[in-house]
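In what follows, a structure is listed as structure tokens, so that the remarks can point back to it.
The values are calculated or read from the model by the stated rules, or taken from the named source; none is laboratory data. Only a predicted model underlies this, so the values are computations on that prediction, with no experimental measurement involved. Every residue, glycine among them, receives a Cβ derived from its backbone with ideal geometry; neighbour counts consider all protein chains shown.
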Amino acid sequence: MSNYKEIIQKIEPELQKVITFLEGEIMKIRTSLLSPSLVENIKVKIDENELTIRELGTISLISSNMILIQPWDKLYIQPIEKAINDSNLGMNPVASKDGLRLSAPALSQDYRDNLIRILSEKKEDARKTIRHFREDVWKKIQDESRSGEIREDDKFKAKDELQKLIDKYNEKIEEMTERKKKEIQG
């Protein structure tokens, strides 16, 4: 006889991956508070190769609204500058002899509204993914109940436990996106 708890436990790592992915996506949304994750994965073309800024130098936060990128080779400064300009971040890098400085301009209300819309889309995508996992697990539990592997009363216990787990992860999504929304609104 199958144990419904095992079935539910199998999706928890997948749900955690959804949260981890959403965290990464949220970090990429620029606010007036900068983070190195905003630029570290931007692709830079160097001699027919595409490398990330993280692979080409150090990225440090000088203040909450300024990033310093120090390439390991001074020849990387121009390609990094071009990649940042091409990335649609809305920030203009300032090149100096030791690297590039990026400062965050003040956000207009239209831009803030657009960021909140993007954040809402990412939140909804994460929720859809979690719903998809819930539906798959519930279908598996129902199938095993029909075949007699799970008892009828365990099926309803499983439904309750599954919903509690889904609610826990939806709550995490809500907390993360609300925190970022407040950051965007300043």
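Please tell me if Leu115 is closer than 27 Å to Pro93 by Cβ, modelled with pLDDT under 95 and of a type outside the set (Gly, Ala, Ser). Spell out the reasoning first.
On the way: closer than 27 Å to Pro93 by Cβ: yes; modelled with pLDDT under 95: yes; of a type outside the set (Gly, Ala, Ser): yes.
It is true that Leu115 is closer than 27 Å to Pro93 by Cβ, modelled with pLDDT under 95 and of a type outside the set (Gly, Ala, Ser).
Would you pick out the residues in the range 47-69 that are surrounded by fewer than 16 Cβ atoms within 10 Å (Cβ to Cβ) and either assigned to a strand (DSSP E or B) or touching a Cys at 6+ places or on another chain (Cβ under 8 Å) (or both)?
Hits for the range 47-69 are Asn49, Glu50, Thr52, Thr58, Ser60, Leu61, Ile62, Ser63, Met66.
Hey, does the range 24-45 have a residue that's buried (at least 16 other Cβ atoms within 10 Å of the Cβ), in a strand (DSSP E or B) and in contact (Cβ under 8 Å) with a residue 24 or more places away in the chain?
Yes, some residue in the range 24-45 is buried (at least 16 other Cβ atoms within 10 Å of the Cβ), in a strand (DSSP E or B) and in contact (Cβ under 8 Å) with a residue 24 or more places away in the chain.
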